[in-house]
Amino acid sequence: AHDAATASALCFALSQEFAVRHRIGVVGVGRSDPVLFLEALAPALDHVVVTASPEANAAPPAAVLAAARELGLPSESADTVDAAIDSATGVATAEDLVVVAGGPQTVGAARRALRLDPVEELLAVPDS
């Protein structure tokens with residue numbers, strides 16, 4: 001999810017499709033309004049770890065954290081996406097779900113931190 005509309009769709013999917021104890025979000029908001037983004041996503045999250053999106057002109061993490069707290073969402077911050085994933089997985093149990101949201105740069109950084117295939121490889125057109 002990279003904006004309020006896709007955050008709303010993600011919220012619906014998390015609420016309807018994933019039967020888990022808690023949903024923990026790692027959120028690094030790109031160019032979207034952090035308040036609108038979190039208003040759309042917050043109903044599906046029990047906790048959020050805010051971090052800086054690697055995207056140019058990204059929303060400042062302090063603004064995202066303030067929006068989360070204003071919405072009453074338990075929250076904390078981390079300096080990097082890697083550190084945010086460490087924080088989120090540190091509080092998660094086997095019955096919980098950790099979801100990364102905020103834009104392609106944030107998700108790409110998370111995939112690298114988790115040593116998953118880079119997004120570029122997933123989107124590449126195979127040779128014929």
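Obtain the nm distance between the two label points defined at A5 and E95 by a simple spin-label model: each point lies 7 Å from its Cα along the Cα-to-C-beta direction.
3.8 nm
What percentages make up the Cα-Cα pair-distance distribution of the stretch 58-108 when the bins are 10 Å wide from 0?
All Cα pairs, binned at 10 Å, distribute as 21, 56, 22, 1 percent.
If every alpha-carbon in the stretch 24-78 counts as one equal scatterer, what log10 I(q)/I(0) does Debye give at q = 0.21, 0.31 1/Å?
Here the Debye-derived log intensity ratios amount to -0.63, -1.38.
Round to the nearest 10 and report in Å² the accessible area of T6, as given by a 1.4 Å probe over the protein chains' heavy atoms.
50 Å²
Could you please put F37, F12, F18 in sequence from largest to smallest accessible area, using a 1.4 Å probe?
F12, F18, F37
Per DSSP helix of 4 or more residues, -39500 (n - 2.57); summed, then divided by the residues of the chain. What does that give at 222 nm, rounded to the nearest 500?
Values: 6 runs with 58 residues, N = 128.
Calculated from helices alone, the mean residue ellipticity at 222 nm is -13000 deg cm²/dmol.
Scanning the chain for trypsin sites (Lys or Arg not before Pro) in DSSP loops with at most 15 other Cβ atoms within 10 Å, what's the longest stretch left with none?
Value returned for the longest uninterrupted segment is 32-114.
Roll a 1.4 angstrom probe over the protein heavy atoms and tell me the percent of accessible area of the chain that is carbon or sulfur.
Answer for the chain: carbon and sulfur cover 54 percent of the accessible area.
Percentage of Cα-Cα pair distances in the chain greater than 23 Å, rounded to whole percent?
Tail of P(r) above 23 Å: 26 percent of Cα pairs.
What accessible area per residue, rounded to a whole number of Å², is obtained for the stretch 1-88 using a probe radius of 1.4 Å?
It amounts to 47 Å² per residue over the stretch 1-88.
The values are calculated or read from the model by the stated rules, or taken from the named source; none is laboratory data. No experiment lies behind these values; they were computed from the predicted model shown. As a convention, Cβ positions derive from the backbone with ideal geometry for all residues, glycine included, and neighbour counts pool all protein chains shown. Just the protein is used for accessible areas: all its heavy atoms, side chains included, with ligands, DNA and RNA removed. Shrake-Rupley method; radii C 1.70, N 1.55, O 1.52, S 1.80 Å.
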